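The values are calculated or read from the model by the stated rules, or taken from the named source; none is laboratory data. Note that this is a predicted model, so its numbers are computed, not measured. Note that each Cβ is placed from the backbone with ideal geometry, even for glycine, and that neighbours are counted across all protein chains shown. The accessibility values were calculated without ligands, DNA or RNA, using every heavy atom of the protein model including side chains. Shrake-Rupley method; radii C 1.70, N 1.55, O 1.52, S 1.80 Å.
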Amino acid sequence: MSETPVAEMSFEQAMAELEQVVNKLERGDVALEDSIKLYERGAELKARCEAKLKEAEEKVAAITLDGNGTPTGLTPVEGL
């Protein structure tokens with residue numbers, strides 16, 4: 001597991017570590033206390049991935065198109 005704070009991770013980093021967490025939990029050979037820590041880390045990673053996806057969706061939604069569907073600029077999105 002990475003020691004990088006979840007809040008500093010990119011989407012790709014968080015997703016890769018989340019996959020590792022899930023794999024370890026699915027194996028079922030982790031002690032109970034470690035399973036709890038892994039679950040908590042996984043929950044943080046999942047929330048980070050969801051936040052980064054929402055941020056990306058909002059940026060895509062802010063792209064304005066002309067009549068031909070060509071991007072012409074950005075519409076300001078609150079909070080970005």
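Here are some notes:
- Qualifying residue in the range 28-38 (condition: at pLDDT 95 or above and under 14 Å from the mean Cα position of the chain (by Cα)): no
- Candidate set from the range 67-80 (those that are under 23 Å from the mean Cα position of the chain (by Cα) and open to solvent by less than 100 Å² (accessible area, probe 1.4 Å)); member that is modelled with the lowest pLDDT: Gly79
- Within the range 48-66, considering residues that are open to solvent by less than 90 Å² (accessible area, probe 1.4 Å) and free of Cβ contacts under 8 Å to residues at least 24 places away in the same chain, the one farthest from Gly28 (Cα to Cα): Asp66
- Residue within the range 10-32 that is open to solvent by 50 Å² or more (accessible area, probe 1.4 Å), of a type outside the set (Asp, Glu) and touching a residue at least 40 places away in the same chain (Cβ under 8 Å) present: yes
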